[in-house]
Amino acid sequence: MTKVLIFDTTMRDGELTPGVKMNLQQKISISQLLENMGIDIIEVGYPGSYQKDFEEVLQISQIIKNSIICGLASANEDEIITLAEAIKTAKQGRIHTYSLVNIKNQSISAQVLATIKDSVSLARNYCDDIEWSAFDALRSEPDFLCQAIETAIKSGATTINIPDSLGLASPSEFSQLLQMIFNRVPNIDQAVVSVHCHDDLGLAVNNSLIALNCGVRQIECAINGLGARKGNADLEDVVTGVLQQGNYQVDINTKLMSKASELVAEISGLKRQIKR
């Protein structure tokens with residue numbers, strides 16, 4: 001049975017849901033429930049951009065022991081250093097950084113690759129667990145995307161995330177992109193490959209599950225599918241779908257999923273939409 005890591009972004013991307021804001025105590029309650037469920041990685045916020053998120057990541061890092069506590073940062077040096085400070089006390093911490101790979105002007109490709117190298121290397125100086133996201137991967141130039149991923153891994157990224165940033169991919173398009181990456185990036189086997197699918201076309205869960213057949217071993221999702229625009233892949237649907245495939249395992253206490261859904265619905269004011 002192949003292990004699939006579950007990465008929860010309810011408290012980071014989920015807070016981008018229009019009208020949804022969570023305070024520290026609410027995030028602590030969600031984090032503790034996620035830890036009890038067995039969620040592998042909990043993304044708490046974007047501490048380099050928001051002081052509120054810094055305090056939340058800092059506090060939750062001191063409370064949660066079994067799950068990896070993660071925050072998001074751009075390639076900006078100050079954001080990475082601030083995030084490193086926020087997770088410093090975590091028993092298990094992760095720096096999640098990202099770069100835009102859909103560049104219109106190929107003359108700056110060398111500059112972007114240098115920025116990826118520098119930002120990931122900087123993050124690795126503070127933390128052994130580094131996730132790098134190829135923002136807008138689907139619309140990027142394939143050769144450059146592969147170069148960017150290879151550079152991130154060489155620079156110390158241990159997880160490579162391929163997001164459908166705008167939620168516009170069909171399952172076949174997303175599969176083709178992932179297969180191309182696995183076939184063409186020479187050091188891809190040195191990192192866990194993750195996906196982060198948005199639900200603009202209602203395909204986030206399908207795309208996340210199809211990715212497993214390509215070699216993906218981490219799925220990013222949110223309780224009740226909260227997230228920017230139409231939301232993220234729904235955590236309960238993802239976990240159920242992974243288990244139904246039969247040849248993958250997730251270390252999740254599925255009996256607590258409905259409790260998590262109810263808690264987040266109460267906090268957000270939004271009920272879970274049944275999509276499958």
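The values are calculated or read from the model by the stated rules, or taken from the named source; none is laboratory data. These numbers come from a predicted model, not from an experiment. FYI the Cβ positions are ideal-geometry reconstructions off the backbone, even for glycines, and counts take in every protein chain you see. Please note that ligands, DNA and RNA were not included when accessible areas were found on the heavy atoms of the full protein model with its side chains. Shrake-Rupley method; radii C 1.70, N 1.55, O 1.52, S 1.80 Å.
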Notebook entry, point to check: Taking interchain pairs and intrachain pairs at least six residues apart, which have beta carbon atoms under 6 angstrom, with the first residue in region 137-152 and closer than 18 Å to Asp164 by Cβ and the second open to solvent by less than 60 Å² (accessible area, probe 1.4 Å) and of a type in the set (Asp, Glu)?
Noted result: Leu138/Asp164
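Open to solvent by less than 50 Å² (accessible area, probe 1.4 Å), among the aliphatic types (A, V, I, L, M) and in contact with a His (Cβ under 8 Å, 6 or more places away or on another chain): which single residue out of Ala260, Ala228 fits that description? Steps first, answer last, please.
Working: Ala260 fails: in contact with a His (Cβ under 8 Å, 6 or more places away or on another chain).
Criteria check complete, one pass: Ala228.
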Check: In region 83-101, what residues are under 19 Å from the mean Cα position of the chain (by Cα), open to solvent by 20 Å² or more (accessible area, probe 1.4 Å) and among the polar types (S, T, N, Q)?
Finding: Gln92
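Counting only residues that are hydroxyl-bearing (Ser, Thr, Tyr) and open to solvent by 10 Å² or more (accessible area, probe 1.4 Å), which one in region 142-199 is nearest to Gln218 (Cα to Cα)?
Thr158
Being within 26 Å of Ser49 (Cβ to Cβ) and out of contact with any Lys or Arg (no Cβ under 6 Å at 6 or more places or on another chain) is true for just one of Ala169, Ala134. Which residue is that? Quick ask: steps written out before the conclusion?
Numbers: Ala169 fails: within 26 Å of Ser49 (Cβ to Cβ).
One residue alone meets the criteria, Ala134.
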Next item on the list: Can you work out which of the residues in region 263-276 that are surrounded by 12 or more Cβ atoms within 10 Å (Cβ to Cβ) and in contact (Cβ under 8 Å) with a residue 60 or more places away in the chain is farthest from Leu24 (Cα to Cα)?
Entry: Lys275
Next item on the list: Residues being open to solvent by 30 Å² or more (accessible area, probe 1.4 Å), part of a helix (DSSP H, G or I) and touching a strand residue (DSSP E or B) at 6+ places or on another chain (Cβ under 8 Å): count how many of those fall in region 14-68.
Entry: 3
Check: Hey, any hits in region 105-112 for a residue that's under 18 Å from Asp78 (Cα atoms) and surrounded by 20 or more Cβ atoms within 10 Å (Cβ to Cβ)?
Finding: yes
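Can you confirm whether region 123-134 contains a residue that is more than 23 Å from Asp40 (Cα to Cα) and modelled with pLDDT of 95 or more? Give the steps one after another, and end with the answer.
Kept after step one, since they are more than 23 Å from Asp40 (Cα to Cα), are these residues of region 123-134: none.
No, that holds for no residue.
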Notebook entry, point to check: Restricting attention to region 231-257, which residues are open to solvent by 60 Å² or more (accessible area, probe 1.4 Å) and either out of contact with any helix residue (DSSP H, G or I) (no Cβ under 7 Å at 6 or more places or on another chain) or at pLDDT below 95 (or both)?
Noted result: Leu243, Gln244, Gln245, Asn247, Gln249, Asp251, Lys255
Next item on the list: Residues that are basic (Lys, Arg): find the helices (runs of 4 or more DSSP H) completely inside region 107-185 holding 2 or more of those.
Entry: 109-126
Check: Hey, among the residues in region 200-223 that are in contact (Cβ under 8 Å) with a residue 60 or more places away in the chain and either assigned to a helix (DSSP H, G or I) or open to solvent by 20 Å² or more (accessible area, probe 1.4 Å) (or both), which one's farthest from Asp128 (Cα to Cα)?
Finding: Gly202
